[in-house]
Amino acid sequence: MTKTVHHWIGGKTVEGTSGNWGPVTDPATGAVTTRVALASAEEVDAAVAAAKDAFATWGTSSLAQRTTILFAFRALLDAHRDAIAELIVAEHGKVHSDALGEVARGLEIVDLACGITTQLKGELSTQVSNRVDVAAIRQPVGVVAGITPFNFPAMVPMWMFPIAIATGNTFVLKPSEKDPSPSLKIAELLAEAGLPDGVFNVLHGDKVAVDRLLEHPDVAAVSFVGSTPIARHIHATASANGKRVQALGGAKNHMLVLPDADLDAAADAAVSAAYGSAGERCMAISAVVAVGSIGDELVEKIRERAEKITIGPGTDPGSEMGPLITAEHRDKVASYVRGAADEGCQVVLDGTGHTVEGYENGHWIGLSLLDHVPTTAAAYRDEIFGPVLCVLRAETYEEGLALINASPFGNGTAIFTRDGGAARRFQLEVQAGMVGVNVPIPVPVGYHSFGGWKDSLFGDHHIYGNDGVHFYTRGKVITTRWPDPSDAPAGVDLGFPRNH
Ligand code: NAD
């Protein structure tokens, strides 16, 4: 073990004092490289107090000051893309090019935050009644907590804090304890960009830290991204404690392939979207629904492509797919593949037992492809979060759509077809928050919002874009009357105010 990761509170490193530490592993070697401090409830209180102190001035800082800092941060982030990607590869295991993609998608939200002046312009109606004007403004909510998952240790925090701080809030980030270092690098860059101390804090920890954040009286809002059971807990607990909360959960994303689709393009897309980042993406395609008689041909095309994927450490430019986050998770993923045949699936590719020469202790698993998967199989029902693609068959569009809409999840989905009319129907009829038409991973750009339906999101707001601005601000409407100097006094009127 070579490294210790501490908290970042009030603009500086603060050593963990709870006595509890978590291990951080290099997934490619299986070696524990780092220990991360796990915060106690008292340490959470210290981070929230720093954020609350900072809010006293940051909440009323000028938009010009905020955007100057955000533009400086954007330039630093751009210059340090590689350094952040290296930290992601070392602790998450994804390949370097994929880590760079994650930083780029996070940077999109910083771009949006740099333009917050436009988003916060407010509204004004003049002369709504005689000599009366009405203005609508939005103000920050206060101290915001962000709780994030392991699979995007840089991008998901950047879905949250750029807009939160641009709108005048202060932020306490509780990143995943499995890959905590990218968030600290971001904290250092924000400080270098001139962000006042305490506006952005990083608190490492597990359930103890999260549960204290959820009940802390000085935390006004909670943004969460992670698995569905935890998202449900976060939403229920934070709501019960009177907080504004958005909790994004897990997924099982379906790709519907119609008989008229370009099957080569569909197979390319299915392989990229199912196995990229070893399937550890909330927008990964994990179920392909083949409509009509194309199933066998499509499965063969997917198999051919999947067999050619190079698995290896994320540091090797030749690797296309890295290891899984932990050995326990790898074993759990493997158990779905091993149990698949007994549940009626046809195992076309079995990735279990895969190893990489020179990296024998890494958390490896190869690509698995299951065909003729019944909806009762655990591999279909559960979010596996690994490189396992299920193929299901449907006779018709309607049958395929019904299958997708019966899923408890509703994050992303895609249709592959050349038929514009069918694609249009799908957009309107499918129950999911993000839809791709011949686009397998339809993650919205930064100025639209990201979020699923059903068990993929608890709360009313999607994340980033306009929804992000709304989530991190409260509306206020101001009604003003300035009598003309020539007006006579209005006199007393006990009636309810009417406009005329
Ligand atoms: P996770 O739910 O295990 O952890 C997420 C966060 O919650 C972490 O910070 C973790 O420390 C904390 N946490 C874990 N257990 C907790 C508990 N019992 N009480 C309080 N806090 C707890 O998720 P993960 O394994 O880190 O990430 C993978 C999951 O995240 C997948 O389900 C994936 O689909 C989901 N995800 C969803 C989206 C989305 O936008 N919907 C995006 C990325 C990831």
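Bear in mind these aren't lab numbers, they're just calculated from the coordinates by the rules spelled out. Fair warning: this is a prediction, and the values are worked out from it, not measured in the lab. Backbone-built Cβ (ideal geometry, glycine too); neighbour counts: all protein chains shown.
Annotations for the structure displayed:
- A cut-off under 10 angstrom between Cβ atoms defines the neighbours of GLN139, and their net charge, with Lys, Arg +1 and Asp, Glu -1, is +3.
- The aspartates and glutamates whose alpha-carbon is closer than 13 Å to the alpha-carbon of LYS252, local same-chain residues fewer than 8 away aside, are GLU280, ASP382, GLU383, ASP455.
- Of all DSSP beta bridges in the chain, antiparallel share, percent nearest 5: 40
- Extension gain from VAL435 to GLN346, taking 0.36 nm per residue of separation minus the Cα-Cα distance: 29.2 nm
- As a proxy for reagent exposure, ranking THR352, THR170, THR17, THR2 by other Cβ atoms within 10 Å from fewest up yields THR2, THR17, THR352, THR170.
- Under the shape rule built on the C-alpha gyration tensor, where the axes satisfy a ≥ b ≥ c, the chain is oblate, since a/c reaches at least 1.5 while a/b does not exceed b/c.
- For PHE161, PHE496, PHE385, the sequence from fewest to most other C-beta atoms within 10 Å is PHE496, PHE385, PHE161.
- For region 13-20, backbone phi angles converted through the Karplus equation (6.51, -1.76, 1.60; θ = phi - 60°) give residue-by-residue couplings of 5, 10, 5, x, 10, 6, x, 9 Hz, Gly and Pro being listed as x.
- Neighbour-count order for LEU298, LEU263, fewest beta carbons within 10 angstrom listed first: LEU263, LEU298
- Loop sites in region 255-309: trypsin sites (Lys or Arg not before Pro), DSSP, at most 12 other Cβ within 10 Å: LYS308
- Hits among aspartates and glutamates - C-alpha to C-alpha of LYS301 under 12 Å, sequence gap 8 or more where chains match: ASP262, ASP264, ASP268
- Flagged links, alpha-carbon separation over 28 Å, of LYS174/LYS332; LYS308/LYS332; LYS12/LYS332; LYS121/LYS178: LYS12/LYS332; LYS121/LYS178
- Among beta bridges that DSSP assigns inside region 253-437, antiparallel share in %, nearest 5: 10
- Neighbour-limited loop hits for GluC sites (Glu not before Pro), region 1-83 (at most 15 other Cβ within 10 Å; DSSP other than H, G, I, E, B): GLU15
- In nm, spacing of pseudo-spin labels at SER61 and THR17 (7 Å Cα→C-beta vector): 2.7
- Cα-centre dipole for region 238-351 with unit charges at Cβ (Lys and Arg positive, Asp and Glu negative), debye to 20: 780
- Furthest towards positive pole of dipole, PRO180, GLY468, THR326, structure part the chain, Cβ charges: GLY468
- Hypothetical label at ASN130: residues of region 468-500 whose amide nitrogen lies under 20 Å (7 Å Cα-Cβ projection): 479-500
- When only the Cβ of Lys, Arg, Asp and Glu is charged (+1, +1, -1, -1), the dipole of the chain relative to its Cα centre reaches about 1460 debye.
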